[in-house]
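The values are calculated or read from the model by the stated rules, or taken from the named source; none is laboratory data. None of these values were measured; they are calculated from a predicted model. Neighbour counts run over all protein chains shown; Cβ positions are idealised from the backbone, glycine included. Ligands, DNA and RNA are excluded from the accessible area calculation, which covers all protein heavy atoms including side chains. Shrake-Rupley method; radii C 1.70, N 1.55, O 1.52, S 1.80 Å.
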Amino acid sequence: MRPESTPLVSPRADVLTETVEGFGTVRFTSVDPVADSAVLHSWVVEERAQFWGMNGASRELVQEIYEDVDRRDTHHAYMVRLDDEPVALFQTYEPTEDRVSYCYEAREGDIGVHLMLAPAAGRPRPGFSRTLIGSLIRFAFRDPAVLRAVAEPDASNAKALALLNRLGFVRQGEITLPEIDLPEVYLPEKRAVLAFLDRPAVLPAAVAVVHQD
């Protein structure tokens, strides 16, 4: 059964919660760097997460990285849970305040996105990815001012590129994200694929939205 059975306890209020019939309650909560660091660390050190660049990171370093994200107004990290189980890490950012802005002309209404799915455990759950993707799209476009999602996965990350296809992103070609070397963050140069997802004319429907801030 998916996801991996790792309890997640965070004192932070949900940003959005929705109940999807036959699936469960999907909850988006801002990452708590202290409370969530153990779960995040267990994900990012796996070989499959090599493109996140934290394979050799300690739990303390992962906490510090997300403390830096937590301090920013332009970058946000959300833990996604199905009922009480963590199933994904979803990050959003303002492209004009990110290195991707060196590689394309950002528009008003653009939002950058990063997604990491939790490791699968046990038998796959039919329809899991398709249903979760619907929740992710609704969350990314919950603000009517958001008109386009921007993604820039590593060009050699075949699984991420396949996921973009399932989400409906349209590839625009390869780009080179410049190296960032600052006291609070270091990012090496990255060869990436730039892709866009225009705001759907009709967002995927959920059965019931029970809470939204």
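Tabulated values for the structure
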{"item": "From Val100, Val80, residue being within 15 Å of the chain's Cα centre (by Cα) and either β-branched (Val, Ile, Thr) or part of a strand (DSSP E or B) (or both)", "result": "Val80"}
{"item": "Top-ranked residue of the range 162-193 - restricted to ones that are under 19 Å from Gly134 (Cβ atoms) and in a loop (DSSP other than H, G, I, E, B), ranked as most open to solvent (accessible area, probe 1.4 Å)", "result": "Gly168"}
{"item": "The lone exception for His41 - which of (1) touching a residue at least 24 places away in the same chain (Cβ under 8 Å); (2) in a helix (DSSP H, G or I); (3) farther than 15 Å from Leu187 by Cα; (4) not aromatic (Phe, Trp, Tyr) it fails", "result": "(1)"}
{"item": "Test result for Ser42, open to solvent by 20 Å² or more (accessible area, probe 1.4 Å) and within 19 Å of Pro119 (Cβ to Cβ)", "result": "yes"}
{"item": "Pair list, Cβ under 6 Å, 6 or more apart: the range 168-182 residue modelled with pLDDT of 95 or more, other residue in a loop (DSSP other than H, G, I, E, B)", "result": "Glu174/Ala155; Ile175/Cys103"}
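Residue-by-condition table, conditions (1) in contact (Cβ under 8 Å) with a residue 40 or more places away in the chain; (2) buried (at least 19 other Cβ atoms within 10 Å of the Cβ); (3) within 18 Å of Thr29 (Cβ to Cβ); (4) touching a Gly at 6+ places or on another chain (Cβ under 6 Å):
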site: Ala49; (1), (2), (3), (4): yes, no, no, no
site: Asn55; (1), (2), (3), (4): no, no, no, no
site: Gln63; (1), (2), (3), (4): no, yes, yes, no
site: Glu67; (1), (2), (3), (4): no, no, yes, no
site: Leu89; (1), (2), (3), (4): yes, yes, yes, no
site: Pro95; (1), (2), (3), (4): yes, yes, no, yes
site: Arg99; (1), (2), (3), (4): yes, no, no, no
site: Glu105; (1), (2), (3), (4): no, no, no, no
site: Ala151; (1), (2), (3), (4): yes, yes, no, no
